[in-house]
Amino acid sequence: MLRWLAAAALVLGALYVTLFRAAPPVPESASGPEFTRIADLMSRQRRAMILWSALAARDSALARLAVSAVPPGEPRILATGFGSEVVSKEAEAQVRRRWRAVGAADSSVRTLVLLYNGAEFDTLRSQVFPYSGALLPANDSGTCVAMTSGILKDGREIDIRQSQLDLALAPCLLRAAFGVPGRPMREWLERTGHAAARSNAWLDRPRSILDGRGQLPWEPMYDETWSGLYAGGGTSLIRRLATVELIMMLAPPYLMGGPALRCLAGNTAECSRTVLDSTSPRWEALPGDLTGFQSWSRRARPDALVSVHPVGDWFLSDIIRQEGRDRFARFWRSEQPLEASFREAFGRELGEWTRDWGIRQRLGSWEERYSRKSVVLGANLAPSWPLLALGWTAAALLLAAWTARRRQVTA
Amino acid sequence: MSRLGVGVLFLALAGPLAAQDAAAWRDSAYRLSAERQRVWDSLKQDDAEIEEIARRSGLVVSASSEYRAFAEEVLDRFDAARRRWFGAALPGPAGFRITLRQGESWSFGRQTSRPQSLSIAGVPDTGDVRLAPFVPDANLGSPEKAAQRFLGEYGTLMMSSAPAAIRRWLRAGLLLDMGEDSRRERAMYSLVTGVGKAQRACVQGDATGCAHALGIRRSGDPDAGGEYYPLVRADMLLAALEQGGQGAWTRLMAAGGAVEEGLAAAAGTPADSMLVRWRDGLLALQPDRGPLSLSAAGLILGWSALILAAGLAIARWV
């Protein structure tokens, strides 16, 4: 009896040393409802600020278009809300550089670059940039207005963010280089808020470089059940054993959504779907003639596991880089459905091309570099695992039996 | 279509509905901002019981009951640490105030314990909102941790007045809340494991390689390779400030212009000497023993012995 008690005490002691040797855990809930409320208010304020800046910039652009026509060729740069005699040498240089990289611009396309005053939006300290995107008037497919905010410095010079101006220029640069897109392309771009057409890397980045800045090929989104698990789930013992983290580390990369996973596993029909049905990150209050904007954080949604996530914003840029400008121009202007025009222009299926692109992008992503999760659909127990488990079990049994046999005492 | 026709169409699109929408979202943004500020202010008002504990060379520390015992020690630690890098410089003529707050807890919508606050202000403390970050839920478990957190916030305030070129170069701020040992260890690890040509040259003692890998000066060699992480830049800047002594921060602020000139002015030495000294300091931190601690090894052996003993004790020993 004493021996059993000693053994039990030993086991409990070992468990105690293992589980409680680290610093004591943080309190179950350290933040009050005010902080949740502040976070919620901040999120809504950001949304309101971006929509306000987008609509105000749109009003300015449409008013400007109403009184003066935009000439074809290199774009005009206009500043609004700053007073007179202001310039932005930085914006001028960037626009000039981009248009030089385009080469001979399409004569049917007219571009206006509108720099609007971001000072008032800045006063709200929302910690996100005001709207940067393009206005593509529905009644005039040849006009493109790139709109981004700037701040006046030293009384005369407008300070802009180059990355934001690039974002605004992206749709206009595509039109300048390849003309007005065919109807299927136009509809797809509008439906997806131009989510796949936000990179200008096709202008100057060599084909050999893997683009995407290490991001996953489909936008990662958290399923809301996971955040619930983190926020409220589990006892301190479960947290100590890092169960949730272990599950997240071992699970396939669900963050990209089920259709993307099936695409990576070789299902080309799903690959096409991830491009054609790419969900748009735009908000419902944004008019259809404005392109979408970049979201500032990973999003959570209740159906993140099963939904189609937006394809990477450098997708179209990569098609141009891989397939060349001439063939892309045919694809861009085609009046056939998107899949058929892709096949005709590039001699490959859209799904097949997207699968290869997705695999390449994923292999080059930070996620893959640091977690190396394999994409296995269905049962993911490798055949070697049960064999290994059975082998070790047999070895343990044999060892125990051999030990017991040695200790047998015959009468 | 005539120009007049196009104009009418555009005006129709820019009509009252769109304008009204922009105004509505503007009002909404301001209303939400005011509401957020109101909730924020109500949080601060909970700190009525906070009282002044000590003053030291232009700094005042105040605390609520739980932190009064170690408030003075926090102030001493904070003051010593900030002088090491910034001398007596302040973030601005209006002074500053940093408030850390911790300890409130809620259960089923009720507050079960009151928040506790610890605050350090630099006189004149005008209460300028821009200079008074309020840090919720800070971990104030010890004077060291509290001083560390104050230092992190103070570094952010100081950097906001630094030359734009230095801020752009630094990318991720000074990272003073990270803890010096942790920061230096990571910087050392980045230094010795960098694989780029310039990074390897830096480890070998080549100042030009270090300058390239830190993004201070381009080497001109197309094969020079990449740069270190932003953390390494923060470590470089702090090393330059430390090398330069009391007036280092003031010289950095006065230098303006290029990053290299600013850092050299702060360190008070030519840029190459500064880089070599920084590199020597990091290399001296290389570990001289393995990562397995005695307690971890003991735990592993203990578990192994326990499992072995349990396995061998299955059969009765007669």
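The values are calculated or read from the model by the stated rules, or taken from the named source; none is laboratory data. This one's a predicted model, so the numbers in the text were calculated from it and none came from an experiment. We place every Cβ from the backbone using ideal geometry, glycine too, and count neighbours over all the protein chains shown.
Within segment B:15-22, not a single residue is modelled with pLDDT of 90 or more and either buried (at least 18 other Cβ atoms within 10 Å of the Cβ) or within 14 Å of chain A (Cβ to nearest Cβ) (or both). Evaluated against (1) away from every other protein chain (no Cβ under 14 Å); (2) modelled with pLDDT of 85 or more; (3) surrounded by fewer than 17 Cβ atoms within 10 Å (Cβ to Cβ), B:Ser57 falls short on exactly one condition, (2). Apart from one condition, B:Gln116 fits all of (1) at pLDDT 80 or above; (2) closer than 28 Å to B:Ser160 by Cβ; the exception is (1). Examine segment B:227-246 for a residue that is closer than 21 Å to B:Ala172 by Cβ, touching a Gly at 6+ places or on another chain (Cβ under 6 Å) and of a type outside the set (A, V, I, L, M, F, W, C), and state whether such a residue exists. Checked against the condition, which is being closer than 21 Å to B:Ala172 by Cβ, touching a Gly at 6+ places or on another chain (Cβ under 6 Å) and of a type outside the set (A, V, I, L, M, F, W, C), segment B:227-246 yields at least one hit. Take the conditions (1) within 30 Å of B:Trp85 (Cβ to Cβ); (2) within 14 Å of chain A (Cβ to nearest Cβ); B:Ala305 misses just one of them, which is (1).
When only residues in segment A:92-146 that are of a type in the set (D, E, K, R), over 28 Å from the mean Cα position of the chain (by Cα) and more than 30 Å from A:Met42 (Cα to Cα) count, which is surrounded by the most Cβ atoms within 10 Å (Cβ to Cβ)?
Ranking the qualifying residues of segment A:92-146, first place goes to A:Arg110.
Within the set A:Ala56, A:Ala61, the sole residue that is surrounded by 15 or more Cβ atoms within 10 Å (Cβ to Cβ), in contact with a helix residue (DSSP H, G or I) (Cβ under 7 Å, 6 or more places away or on another chain) and either part of a helix (DSSP H, G or I) or within 12 Å of chain B (Cβ to nearest Cβ) (or both) turns out to be A:Ala56. When A:Pro206 is tested against (1) farther than 18 Å from A:Gly142 by Cβ; (2) modelled with pLDDT of 90 or more; (3) surrounded by fewer than 19 Cβ atoms within 10 Å (Cβ to Cβ), only condition (2) is not met.
A:Arg46 fulfils the conditions (1) more than 23 Å from A:Ile320 (Cα to Cα); (2) crowded, with 21+ Cβ neighbours inside 10 Å; (3) out of contact with any Asp or Glu (no Cβ under 7 Å at 6 or more places or on another chain) except for a single criterion, (2). Entry remark, segment B:218-250: residues being assigned to a loop (DSSP other than H, G, I, E, B) and surrounded by fewer than 17 Cβ atoms within 10 Å (Cβ to Cβ) number 7 in total.
Scanning segment B:183-204 turns up at least one residue that is hydrophobic (A, V, I, L, M, F, W, C) and surrounded by fewer than 17 Cβ atoms within 10 Å (Cβ to Cβ).
Going by the conditions given, is A:Asp154 surrounded by fewer than 16 Cβ atoms within 10 Å (Cβ to Cβ), within 26 Å of the chain's Cα centre (by Cα) and under 28 Å from B:Tyr30 (Cα atoms)?
Taking the combined requirement at face value, the residue does not satisfy it.
Looking only at residues of segment B:89-105 that are at pLDDT below 80 and assigned to a strand (DSSP E or B), we find that the one that is farthest from the other protein chains (Cβ to nearest Cβ) is B:Arg101.
Comparison of B:Leu294, B:Leu275 shows that the only residue that is within 14 Å of chain A (Cβ to nearest Cβ) and either of a type in the set (A, V, I, L, M) or without any contact (Cβ under 8 Å) to a residue 40 or more places away in the chain (or both) is B:Leu294.
Taking the listed residues B:Ala165, B:Ala138, B:Ala146, B:Ala172, the one that is under 18 Å from B:Val60 (Cα atoms) and at pLDDT below 90 is B:Ala146, with no other qualifying.
Summed over segment A:8-39, the residues that are at the interface with chain B (Cβ under 9 Å from one of its Cβ atoms), out of contact with any helix residue (DSSP H, G or I) (no Cβ under 9 Å at 6 or more places or on another chain) and modelled with pLDDT of 55 or more give a count of 1. For segment A:249-259, the criterion of being at pLDDT 85 or above and not in a helix (DSSP H, G or I) is met by at least one residue.
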